[in-house]
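One structure is given here, and the rest of the page talks about it.
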Amino acid sequence: MRRFWPLLVLALGGLFWWGLQRPDPNALPSVLVGKPAPAFERPLLQPYRAEWGERLELGEHLGSKPVLVNFWASWCLPCRDEAPLLEAYWRRYRDRLLILGVNVQDTEAKALEFIREYGLSFPSVFDPKGTLGVDYGTYGVPETFVIDAAGKVLQRHAGPVNEAVLRDMLRKAGLEGL
């Protein structure tokens, strides 16, 4: 048995080295890319109800422009980093893009506090049990999906988006000149 320990250590070291050589170790596969986005209807958080109604159904907003779906939570530190950028893109491109937040595994009070703190005006639905995250195959928060106007998932990004990532995602959705 002692003779196998060096081989085991060598094999594990080789696997570790191989993993570090991968082009993008943060890339997580998504079975949804290229397929229709899972349909959903969820209650909107209070600040958005006057403009959008009590509930939002994804299918009602497909057909005219791409949709960026961002899964977030108030307790998520990277979500705090990306919130101002998402809000800036919403304010600038809302005529060409629907940004839709999905608040998951959170309390409504904490979600509302987050929305007020960052002045978020793009609509967010409330999913306290995180069932939409399961439907979309998320690994955690934040995660962002781009859905084309026809309802097909074009891309998924795990982790916070920055300006370069967001521009690239939206170009793939056919939004030029961003």
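Only the coordinates and a few stated rules stand behind these numbers; no lab work does. Everything numeric here is computed off the predicted structure, so don't read it as measured data. Every residue, glycine as well, gets a Cβ built from its backbone with ideal geometry; the counts of neighbours run over all protein chains shown.
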### Summary
Shape call for the range 25-172, from the Cα gyration tensor axes a ≥ b ≥ c (a/c under 1.5 means rounded, otherwise prolate when a/b beats b/c, else oblate), comes out rounded
### Query
Over the Cα atoms of the range 72-140, what Rg and Dmax result, in angstrom?
11.9, 32
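Once the Cα gyration tensor of the range 104-178 is found, what semi-axes does its equivalent ellipsoid get, as square roots of 5 times the eigenvalues, in whole Å, sorted largest first?
Taking √(5λ) for each eigenvalue gives 24, 16, 11 Å, largest first.
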### Query
Mind checking the dipole of the range 25-172: about its Cα centre, +1 per Lys or Arg Cβ, -1 per Asp or Glu Cβ, Debye to the nearest 20?
400
### Query
Which lysines, on any chain, are close to residue 35 with Cα under 26 Å apart, when same-chain ones fewer than 8 places away are left out?
65, 129, 152, 172
#### Entry: Local electrostatic count, residue 114, Cβ distance below 10 Å [Lys/Arg +1, Asp/Glu -1]
0
